[in-house]
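Inspection log for the structure reproduced underneath, given as structure tokens.
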Amino acid sequence: MALTGAVRVTDAVEPPPPARGTRRGDGRAASAFLLPGAIGFVAFTAFPILASLVMSFFDWPVLGDPEFIGFGNFVELFTTDPVFTTALLNTAVFVLLYVPVNIVVSMGLAVWISPRIVGRRYYRVLFFVPAVTPMVGNAVVFGLLYTPRGLIDSVFQTLFGVSAPNFLGSSTWALPAVVLMSVWQGFGYNLLVFSAALDAVPPSLTEAAAIDGAGPVRQFFSVVLPLMSPSLFFATVLTLISSFQVFVQPYILTGGGPGNSTTTLVMYLYQSGFQNFRLGFASAIAWVLFVIIMVLTAVQFLGQKKWVHYDQ
Amino acid sequence: MTSEALGTRSAALSADDGAGTPGTPGPGGAVGGLVPQNRKKRPPVVSQLLLTLALLLFLAPLAWMVLSSLKSAGEIFTTPPKLFGESLLFGNYGDALGFLPFGRFMLNTAFVAVTGTVITLVTSALSAYAFARLRFRGRDSLFLVYLGTLMVPQEVVVVPMFLIMNQLGWINTFQALILPWAFTAFGTFLLRQFFLTVPKELEESARIDGAGHWRILTQIIVPIAAPAFAVLAVFTFITYWNSFLWPLIVTNDVTTTTVPLGLNLFLGQNGQAWNLLMAAATISMAPTALLVLLLQRYLVKGIALSGLGGR
């Protein structure tokens, strides 16, 4: 959610209205209107962000005095900490699997739920339900599906006479299982975003393409997709960012295991900060995560010029 | 890009209103259908059937949760799978509620979510008005600072925030669950973008009549921006309700435990009692599921309006 703004923001700031001579500035009114929000903003947003950066350069226990150690935490993360390397890798794999599958599934369903489908509004909203139910609940439910003798295993035994893999107990299957559950719970947002974008495409354009002999596939890729490219770009940026923050799903389903095969960056952050109480170290992980997100978002913004069409 | 983006989004809204009504494949027809006009009349029976099958498969985990919540412990694992046990044990819900006080958890979560949403709406509306309508020195730079923080993931602030809460003695308090997330820049940003689309002419006459900023905001802008407020309210509420990482960090007491945290607690203490766990999960998931079904129009609009995708 956070990112939404950032995106649209770039050129959102309109120039201050030209001074109209007689009217004075609204400085006093502005302070009154801004003050309530600004106090909380400084205390709970701006200050903690800066504090987090500062803390990442300290050895900061919960009890006892913090000690400045320069880049010590970062050096440890990247040179001597095998768990961090694993968490980084797991998170990357999660993102690489989750984002494309999420986008393809939500786009495919958005197209499928065409205006000819009766009751399309209800299909859309039902696919959206797990996106707003507590993630903990969704994960617990998938726990029952994945567990040995659970629903998937029992369907396997009934149909094929063999056991399904022990999804959450196998370091090969655990991460894909977490991805599958995450896609199931999360693609509803993008489905709604894409549905709205599809509905906004003027039918005259696809009709014109059809008259020119373009089949449905060609119409989609040459006419519809370019027209909805801003939505696709937006959804991709937001999905990528949120997928880097994956935490609840592995926390509930696997606890990061087996071994560390499903430990993600945020999970390692949580363990370091709130189970091992290394607050500076956890802040360093947070900033690595933040920098990765910033860089990838910047890359996507640079790349968008090649494929996103904003002209109407 | 902003005004453009908003433009397309509101176009998307109105299109959705029309074409989204069941049974009226409006002029938006060819878009999703991707078929020439003359074939559009035939109802897509096969496509609809397959889609319904896909939806049922998609909903199967939730159905399985409810079905399992009504079985006895011994009926949870069967091969082949059975939809129902010997009888429907609604008593499982009572047992789950007896094991952990989910009623209390729900009350806690509702209080946190409602209070947080109200604070967010009020402070965001005030700030958004200042950014959208008032002229003051440093306005745009200040707004950029707000915007800059939108990109920062929650995980960056939780560590220092925990220390702040600790310092204030707020561990296991409602204010610790509410206040840290009631002043983020997102609400301000969303409402400002909406306020900017309100024509200034509407305020001019009020201003000539002597209305001050407070009256212009409360009597002119807020009513017009009601849909934006509704969207912000629903999403803020749901975000508070589902929040997990932060409550996990600042609460460990029943008096302030929220629903997701309570379910996690249940999993930890009684996770092998799958039938009761599924009853607890059903209880935990029902409120927001019902909310989304009741408010589907607002949610669909809101996502189109704000691009709240990807989470």
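We did not get these values from a lab; they are worked out from the coordinates using the rules stated. Just so we're clear, the structure is a prediction, and the values are computed from it rather than from any experiment. A quick note on method: Cβ atoms are made from the backbone with ideal geometry, for glycine too, and the neighbour counts reach across all protein chains shown.
Would you mind classifying the range A:82-307 by shape? Square roots of the alpha carbon gyration tensor eigenvalues, ordered a ≥ b ≥ c; an a/c under 1.5 is rounded, otherwise it is prolate if a/b is larger than b/c and oblate if not. Because a/c hits 1.5 or more and a/b fails to exceed b/c, the range A:82-307 counts as oblate. Find the centroid of the Cα atoms in the range B:277-291 and in the range A:34-64, then give the distance between the two in whole Å. Each part's Cα centre sits 35 Å from the other's. Highest mean packing first, where packing is the average number of other Cβ atoms within 10 Å per residue, the peptides A:146-152, B:152-158 line up as B:152-158, A:146-152.
The mean number of partner chain beta-carbon atoms within 10 angstrom of a residue's beta-carbon across peptide B:286-293 is 5. When each of the peptides A:289-297, B:69-77, A:120-128, B:275-283 is scored by how many other beta carbons lie within 10 Å of its residues on average, the order from highest to lowest is B:275-283, A:120-128, B:69-77, A:289-297. Remark: mean inter-chain Cβ contacts per residue of B:118-126 equal 3, using a 10 Å Cβ-Cβ cutoff to other protein chain atoms. Relative to its Kirkwood radius, the Cα radius of gyration of the protein assembly as shown gives an Rg/Rh of 0.97.
Modelled spin-label separation between A:S204 and A:A32, with each label point placed 7 Å from Cα along the Cα-to-Cβ direction: 5.0 nm. Take the Cβ atoms of B:L53 and B:T79, set R0 to 30 Å, and the FRET efficiency comes out at 0.80. Dimensions of the range B:208-263 from C-alpha coordinates, computed as largest minus smallest value along each principal axis and given longest first, are 56, 19, 15 Å. Which FRET efficiency value, to the nearest 0.05, do you get for A:H309 and A:V101 by plugging their Cβ-Cβ distance into 1/(1 + (r/R0)^6) with R0 = 30 Å? Between A:H309 and A:V101 the formula returns 0.75.
Measuring nothing but alpha carbons in the range B:136-182 and taking Rh as the Kirkwood radius, the Rg to Rh ratio lands at 1.12. For chain A, modelled as a GNM whose springs connect Cα atoms under 10 angstrom apart, the maximal fluctuation among A:F41, A:F281, A:F58 occurs at A:F41.
Note on A:S222 and A:A92: with the Förster distance fixed at 35 Å, the Cβ-Cβ geometry gives a FRET efficiency of about 0.60. Dipole size of the range B:99-306 about its Cα centre, with +1 on Lys/Arg Cβ and -1 on Asp/Glu Cβ: approximately 340 debye, rounded to the nearest 20. Averaged over the residues of B:184-190, the number of partner chain Cβ atoms lying within 10 Å of the residue Cβ comes to 6. The ranking of B:I216, A:I285, A:I39 from fewest to most other beta carbons within 10 Å of each one's beta carbon is A:I39, B:I216, A:I285. With contacts taken as Cα pairs under 8 Å at a separation of at least 6 residues, the range B:190-271 carries a relative contact order of 26 percent. As a rough footprinting exposure proxy, the listed residues B:V234, B:V259 were ranked by other beta carbons within 10 Å of their own, and the order from fewest upward is B:V234, B:V259.
Taking every DSSP helix (H) stretch of at least 4 residues in chain A, weighting each as -39,500 (n - 2.57) and dividing the sum by the residue count yields a mean residue ellipticity at 222 nm of -20000 deg cm²/dmol.
Each Lys or Arg adds one and each Asp or Glu subtracts one; over the other residues with Cβ under 15 Å from the Cβ of B:N92, this totals -2.
Can you work out the PRE-style zone for B:T255? Point 7 Å along Cα to Cβ, and I want the residues of the range B:137-181 with backbone N under 16 Å. Only B:169-178 fall inside the zone, counting backbone N under 16 Å. Pairs of Cα atoms nearer than 8 Å and 6+ residues apart set the relative contact order; for the range A:197-298 it is 18 percent.
For chain A, averaging the sequence separation of C-alpha pairs within contact (under 8 Å, six or more residues apart) and dividing by the residue count gives a relative contact order of 27 percent.
Give me the dipole magnitude in Debye, nearest 20, for the protein assembly as shown about the Cα centre, with unit charges on the beta carbon: positive for Lys and Arg, negative for Asp and Glu. The calculated dipole for the protein assembly as shown is roughly 1520 debye. A viscosity of 0.692 mPa s and a temperature of 37 °C, combined with the Kirkwood radius over C-alpha pairs in the Stokes-Einstein formula, give the range B:99-306 a diffusion coefficient of 172 µm²/s. By the combined test of axial Cα extent (at least 30 Å) and Kyte-Doolittle hydropathy (mean at least 1.0), the qualifying DSSP H helices of chain A come to A:82-112, A:174-199, A:279-307.
Taking amide H atoms as placed 1.01 Å from N in the peptide plane, the amide H of A:V62 lies under 5 Å from those of A:L279, each 5 or more residues away in sequence or on another chain. Taking springs between alpha-carbon atoms closer than 10 angstrom, which of A:A210, A:A200, A:A30 fluctuates most in the Gaussian network model of chain A? Between A:A210, A:A200, A:A30, it is A:A30 that shows the largest mean-square fluctuation. Counted by neighbouring Cβ atoms within 10 Å, the residues A:W287, B:W214 run from fewest to most as B:W214, A:W287.
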